[in-house]
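Please read the structure below before turning to the comments.
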Amino acid sequence: MSRPLPITGEQVQTALDRAVGQVRLNLPKYTKRCQNHSSVNGIYPACGNTQWTCGFWPGEVWLAYERTRDDAFRQTGKAMVESFHRRIVKKIRVAHHDMGFLYTPACVAAYRLTGDEQAREAAILAADQLISRFQPKGEFIQAWGRMGARMNYRFIIDCLLNLPLLYWAGRETGDGKYEDIARRHTATCMANSFRPDGSTFHTFYMNKDGTPGYGRTCQGYKDDSFWARGQAWGVYGSILSYRDTGDPAALDTFKRALAFYLTRLPEDLVPCWDMLFQPDSGEPRDSSSAAIVACGLLEAARILPREESGEYEKLAREMVGSLTECYAVPEPKVGAGLILHGTYSKKSPYNTCFPEGVDECTSWGDFFYLEALTRLAGDWDPYW
Ligand code: GLY
């Protein structure tokens with residue numbers, strides 16, 4: 001395959017309407033229940049509101065609502081807000097850091113678009129939960145597990161996408177504690193998660209005295225390899241950090257992480273799940289990484305001066321063009337997703353993850369694909 005062509009304005013409209021049509025088809029299946037993190041043989045099982053990924057489906061619903069203003073999307077979005085409010089009030093499976101992944105697309109979006117006070121309250125409670133995981137010794141938000149446990153005294157690159165919830169909560173409440181913790185965590189992450197060549201560690205351990213420890217993978221192939229989605233979270237997360245802090249170091253990190261990502265991309269601009277591999281290895285792709293990076297590029301294009309934004313937008317159009325041309329789900333079907341060939345967690349001899357969702361649709365891959373199309377279709381006020 002040759003390098004993909006940038007998606008045109010007309011193709012964006014068609015792809016967006018098609019994707020929104022698939023979301024509409026899925027409304028009855030995922031209104032009382034949530035959508036599983038990844039599909040099984042191409043179809044998402046329904047699940048309870050217990051996973052870290054449950055926010056992406058309502059995020060798609062709100063993007064579809066923005067496109068159509070159709071009340072059917074609003075009603076499902078509202079049912080999800082009620083479920084997410086219950087989850088945070090009752091503290092159901094919230095003892096981890098993924099409050100931003102959950103509550104930004106499900107509740108911040110709902111509040112922004114409809115003024116729903118229940119959504120606002122749920123999102124602020126989620127921000128409180130997130131800052132409760134801050135470790136002053138080392139200055140980081142602990143990702144997983146019992147607070148302070150030696151085996152979990154670490155943060156992960158993904159957390160950069162949880163931080164916009166804190167900046168939002170700070171603006172909403174006027175309380176500086178949210179931004180203070182977000183900035184401290186960001187400084188620790190920028191100093192340790194990004195290697196000198198711009199590649200990233202998935203997880204990073206701190207010592208109990210607060211000094212930096214060492215990087216380890218969970219979902220990448222091995223500790224010193226290049227887990228594609230971690231790199232994608234690093235790209236999108238660092239440009240969001242630059243937007244939220246104005247710190248030139250975050251912009252520099254974005255450029256370095258992006259440069260590394262680009263050096264390892266195959267010709268169709270969709271990486272293998274770990275960028276140690278190229279497609280001739282036979283290893284599966286992770287299309288969700290391409291969708292996440294495209295959103296990061298489009299955010300950079302939105303906030304940076306014109307001289308730089310053109311190049312980022314062109315690259316994003318090529319990535320979204322490739323996803324639309326070669327990865328989009330071909331036939332609408334109840335329970336199907338938007339883009340194929342995502343990889344959630346692939347087991348290797350060296351990593352510690354539970355194997356699931358290999359070469360399937362992923363709920364965040366679908367969400368970020370729809371976000372990228374929405375960004376390309378016109379001015380969009382990011383949920384993040
Ligand atoms: N945040 C976990 C993942 O990207 O799979």
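With the structure loaded, tell me whether Ser348 is within 18 Å of Trp233 (Cα to Cα), within 16 Å of the ligand (Cβ to nearest atom) and not charged (D, E, K, R) or whether it fails that test. The answer is no for Ser348. Residue count for the stretch 89-100 under the criterion of being more than 13 Å from Thr50 (Cα to Cα) and either modelled with pLDDT under 95 or open to solvent by less than 40 Å² (accessible area, probe 1.4 Å) (or both): the result is 2. Set side by side, the residues Tyr214, Tyr242, Tyr236 differ, and just one is aromatic (Phe, Trp, Tyr), in contact (Cβ under 8 Å) with a residue 40 or more places away in the chain and away from the ligand (no atom under 16 Å from the Cβ), which is Tyr242.
Hey, any hits in the stretch 145-152 for a residue that's within 21 Å of the chain's Cα centre (by Cα) and crowded, with 19+ Cβ neighbours inside 10 Å? No, the stretch 145-152 contains no residue that is within 21 Å of the chain's Cα centre (by Cα) and crowded, with 19+ Cβ neighbours inside 10 Å. From the list Arg120, Arg86, Arg112, the one residue that fits, being closer than 19 Å to Tyr30 by Cβ and open to solvent by 10 Å² or more (accessible area, probe 1.4 Å), is Arg86. Mind checking whether some residue in the stretch 1-11 is surrounded by fewer than 16 Cβ atoms within 10 Å (Cβ to Cβ), without any contact (Cβ under 8 Å) to a residue 12 or more places away in the chain, over 20 Å from Cys107 (Cβ atoms) and acidic (Asp, Glu)? Scanning the stretch 1-11 turns up at least one residue that is surrounded by fewer than 16 Cβ atoms within 10 Å (Cβ to Cβ), without any contact (Cβ under 8 Å) to a residue 12 or more places away in the chain, over 20 Å from Cys107 (Cβ atoms) and acidic (Asp, Glu).
Conditions tested, residue by residue: (1) aliphatic (A, V, I, L, M); (2) on the phi < 0 side of the Ramachandran plot; (3) out of contact with any helix residue (DSSP H, G or I) (no Cβ under 6 Å at 6 or more places or on another chain).
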site: Thr343; (1), (2), (3): no, yes, yes
site: Lys347; (1), (2), (3): no, yes, yes
site: Thr352; (1), (2), (3): no, yes, yes
site: Asp359; (1), (2), (3): no, no, yes
site: Ser363; (1), (2), (3): no, yes, no
site: Leu373; (1), (2), (3): yes, yes, no
site: Gly378; (1), (2), (3): no, no, yes
site: Tyr383; (1), (2), (3): no, yes, no
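Quick grid of which residues meet (1) within 16 Å of the ligand (Cβ to nearest atom); (2) within 28 Å of Lys314 (Cβ to Cβ); (3) among the β-branched types (Val, Ile, Thr):
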| site | (1), (2), (3) |
| --- | --- |
| Ile181 | no, no, yes |
| Thr200 | yes, yes, yes |
| Trp227 | yes, yes, no |
| Gly246 | no, yes, no |
| Leu265 | no, yes, no |
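In the stretch 135-144 there is no residue that is assigned to a helix (DSSP H, G or I), open to solvent by 60 Å² or more (accessible area, probe 1.4 Å) and among the hydrophobic types (A, V, I, L, M, F, W, C). Cβ contacts < 6 Å: first residue under 14 Å from Phe226 (Cβ atoms), restricted to the stretch 275-298; second residue of a type in the set (Lys, Arg) and within 16 Å of the ligand (Cβ to nearest atom), any location; separation 6+ or different chain. Result? As it stands, the answer is Asp286/Arg229; Ser289/Arg229, since those pairs meet every condition given. Of the listed requirements (1) under 27 Å from Pro279 (Cβ atoms); (2) surrounded by 24 or more Cβ atoms within 10 Å (Cβ to Cβ); (3) away from the ligand (no atom under 16 Å from the Cβ); (4) not hydrophobic (A, V, I, L, M, F, W, C), Thr186 misses just one: (1). Only one of these is surrounded by 15 or more Cβ atoms within 10 Å (Cβ to Cβ) and within 17 Å of the chain's Cα centre (by Cα): Gly215, Gly220. Name it. Sole residue among the options that is surrounded by 15 or more Cβ atoms within 10 Å (Cβ to Cβ) and within 17 Å of the chain's Cα centre (by Cα): Gly220. If the condition is being over 17 Å from the mean Cα position of the chain (by Cα) and in a loop (DSSP other than H, G, I, E, B), then the stretch 336-358 contributes Ala336, Lys346, Lys347, Ser348, Pro349, Tyr350, Asn351, Thr352, Cys353, Phe354, Pro355. I'd like to check something: does the stretch 42-49 contain any residue that is in a helix (DSSP H, G or I), more than 16 Å from the ligand (Cβ to nearest atom) and of a type in the set (Val, Ile, Thr)? No, there is no match, as no residue in the stretch 42-49 is in a helix (DSSP H, G or I), more than 16 Å from the ligand (Cβ to nearest atom) and of a type in the set (Val, Ile, Thr). Among the residues making up the stretch 234-293, those that are outside any helix (DSSP H, G or I), of a type in the set (Asp, Glu) and open to solvent by 10 Å² or more (accessible area, probe 1.4 Å) are Asp247, Glu267, Asp268, Glu283.
Would you call Gly77 over 26 Å from Pro330 (Cβ atoms), at pLDDT 95 or above and away from the ligand (no atom under 16 Å from the Cβ)? Yes, satisfied. The single condition from (1) open to solvent by 10 Å² or more (accessible area, probe 1.4 Å); (2) in contact with a Leu (Cβ under 8 Å, 6 or more places away or on another chain); (3) not hydrophobic (A, V, I, L, M, F, W, C) that Thr104 fails is (1).
Given the criteria within 23 Å of Leu161 (Cα to Cα), surrounded by 21 or more Cβ atoms within 10 Å (Cβ to Cβ) and touching a residue at least 60 places away in the same chain (Cβ under 8 Å), does Ala64 qualify? Spelling it out, Ala64 is indeed within 23 Å of Leu161 (Cα to Cα), surrounded by 21 or more Cβ atoms within 10 Å (Cβ to Cβ) and touching a residue at least 60 places away in the same chain (Cβ under 8 Å). Annotation note: of Tyr30, Tyr65, the sole residue that is over 12 Å from Tyr103 (Cα atoms) and part of a helix (DSSP H, G or I) is Tyr65.
The values are calculated or read from the model by the stated rules, or taken from the named source; none is laboratory data. Just so it is clear, the structure is predicted and the values come from calculations on it, not from any experiment. So basically every Cβ, Gly included, is an ideal-geometry build from the backbone, and we count neighbours across all protein chains shown. Accessible surface is based on the protein model in full, side chains and every heavy atom, while ligands, DNA and RNA are left aside. Shrake-Rupley method; radii C 1.70, N 1.55, O 1.52, S 1.80 Å.
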